[in-house]
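The values are calculated or read from the model by the stated rules, or taken from the named source; none is laboratory data. Keep in mind that what you see is a predicted model, and the values were worked out from it rather than measured. Neighbour counts run over all protein chains shown; Cβ positions are idealised from the backbone, glycine included. In case anyone asks, the SASA skips ligands and DNA or RNA and just uses the protein heavy atoms, side chains included. Shrake-Rupley method; radii C 1.70, N 1.55, O 1.52, S 1.80 Å.
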Amino acid sequence: MALPALLGVGGLLLAGVPERALCWLLAVAVVVPTALIARWQHRRVVYPLYTLAGLLEALREGDYSMRGVQGGVLGDAIYDINALADRLQKERLQFEDSARLLGKTLAALDSAVLVFDHDARLRLLNPAAQRLLAGERHALIGRRAGELELDALLAAPSAQVVRHTFPGRSGRFDIRHAPLRNEGRSGRLLVINDVGRVLREEERQAWQRLLRVLGHEVNNSLASIHSLAGTLATVIAREPLAEDWREDARGGLQVIGNRAESLARFLAGYSRLAALPPPQKRELDLATLVPAVARLEQRLAVQVEAGAPLQVQADPDQLEQALINLLRNAVEASLATAGQVIMRWRIEGERAVIDVLDDGPGLPGSDNLFVPFFTTKPGGSGIGLALVRQIAEAHEGGVSLSARGDTPGAVAQLWLPLESP
């Protein structure tokens with residue numbers, strides 16, 4: 001900006017002191033360019049500062065859509081501000097997407113989720129929690145845990161099932177809570193699961209399966225008895241009686257008796273399944289028990305793969321009965337194909353596993369093999385596998401049926417937990 005003044009002073013020094021008019025002319029020639037250069041420099045510096053201040057104000061207010069024109073003395077700073085706005089806008093969109101996803105997830109949960117701040121005031125709850133507390137959202141937010149009668153649940157140990165009465169529902173609930181931190185302050189997360197409703201649903205489905213199988217078996221017997229009774233009534237009502245009416249009547253009554261006896265065995269099996277006592281555990285050696293069970297089968301020579309002694313804690317009578325049921329099924333399957341049956345035992349992780357392998361036709365196409373009274377065999381009772389599962393689960397173990405991978409047939413596995421040394 002001082003360049004015009006310097007040129008004017010240099011001209012005066014070279015030309016000497018000029019006339020008054022020439023001095024005024026030189027002054028104008030110096031002042032006007034200097035003012036124009038100063039204005040240009042002011043706009044060049046101040047306007048980018050205005051732009052920079054506007055961008056920073058927009059970022060402070062949360063408006064990440066504004067961008068500045070790059071260039072000038074502050075071009076690099078404006079470029080960095082634009083890049084920062086792009087990043088903040090992208091992070092805001094990601095946060096909003098995550099918040100919407102979290103909101104939809106919480107809304108879809110059957111579990112009640114509640115978040116309390118450091119003052120034990122409710123700050124967040126999902127629709128399931130709102131239904132459990134039977135209140136409007138705006139009336140619940142901000143209330144203390146004590147006012148909602150939830151302070152005892154927060155003070156109790158986590159991961160426990162308690163019986164509690166909420167304004168919206170009562171029953172058994174699984175209570176879980178964990179600490180949270182928000183803005184450097186502590187809080188609590190409380191999750192409440194209605195265990196009773198899950199159990200009721202499982203019980204309802206179990207009753208449906210049981211009644212379906214019971215109805216199928218009873219209806220089959222009653223239909224046969226009803227049909228034969230009608231036939232016998234027709235035979236006896238004939239005039240004159242047929243010569244062989246006694247044989248017909250005797251045969252029909254015998255079939256009715258057989259069906260009634262089969263139905264009685266069926267109901268007796270139900271009583272047996274329902275009255276299974278708790279296991280009386282003691283130490284057993286599978287190397288002794290498994291061969292003894294194999295020797296009980298007389299229809300087929302059962303191959304026992306010898307293994308090392310393996311001690312388990314189990315009820316000997318119940319475990320033997322479970323193995324007899326599995327072995328009976330395997331033998332019946334192998335007899336149909338003239339195959340063989342193999343029994344063996346082994347350690348798998350922290351459990352003892354007993355395998356019963358057969359060379360039969362394989363597993364039937366049904367998911368109800370362990371459902372009580374469901375059977376795919378003519379004249380079967382449908383309690384064998386159900387009893388095996390009940391015995392295994394009473395020992396904190398389990399049972400499974402699967403197809404053999406190396407050859408046709410099936411493998412039944414019964415496992416029991418190994419006692420810690």
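Take Ser400 and decide whether it is surrounded by 15 or more Cβ atoms within 10 Å (Cβ to Cβ), at pLDDT 85 or above and hydroxyl-bearing (Ser, Thr, Tyr). No; evaluated as a whole, the condition is false for this residue. Please verify whether the stretch 316-328 includes one or more residues that are more than 17 Å from Leu385 (Cα to Cα) and open to solvent by less than 70 Å² (accessible area, probe 1.4 Å). Yes, the stretch 316-328 has at least one match.
Scan the stretch 162-195 residue by residue and report those that are in contact (Cβ under 8 Å) with a residue 60 or more places away in the chain and aliphatic (A, V, I, L, M). Before the answer, list the steps.
Narrowing the stretch 162-195 to residues in contact (Cβ under 8 Å) with a residue 60 or more places away in the chain: 180, 182, 185-194.
Across the stretch 162-195, the qualifying residues are Leu180, Leu189, Leu190, Val191, Ile192.
Applying a threshold of 7 Å to beta carbon distances and a minimum spacing of six or more residues, or different chains, the list of pairs starting in the stretch 297-309 at a residue that is exposed (fewer than 12 other Cβ atoms within 10 Å of the Cβ) and ending at one that is among the charged types (D, E, K, R) reads Pro309/Asp285. Name the residues in the stretch 108-123 that are surrounded by 11 or more Cβ atoms within 10 Å (Cβ to Cβ) and free of Cβ contacts under 8 Å to residues at least 40 places away in the same chain, would you? Within the stretch 108-123, Leu109, Asp119, Arg121, Leu122 meet the criteria. Every listed requirement among (1) free of Cβ contacts under 8 Å to residues at least 24 places away in the same chain; (2) open to solvent by 70 Å² or more (accessible area, probe 1.4 Å) is met by Ser65 save one, (1). Take the conditions (1) closer than 18 Å to Ala107 by Cα; (2) surrounded by fewer than 15 Cβ atoms within 10 Å (Cβ to Cβ); Asn126 misses just one of them, which is (2).
Which of the residues that make up the stretch 331-346 are out of contact with any helix residue (DSSP H, G or I) (no Cβ under 8 Å at 6 or more places or on another chain), open to solvent by less than 70 Å² (accessible area, probe 1.4 Å) and closer than 15 Å to Leu414 by Cβ? Selection gives Ile342 alone. Tallying residues that are at pLDDT 75 or above and open to solvent by 80 Å² or more (accessible area, probe 1.4 Å) within the stretch 242-257 yields 5.
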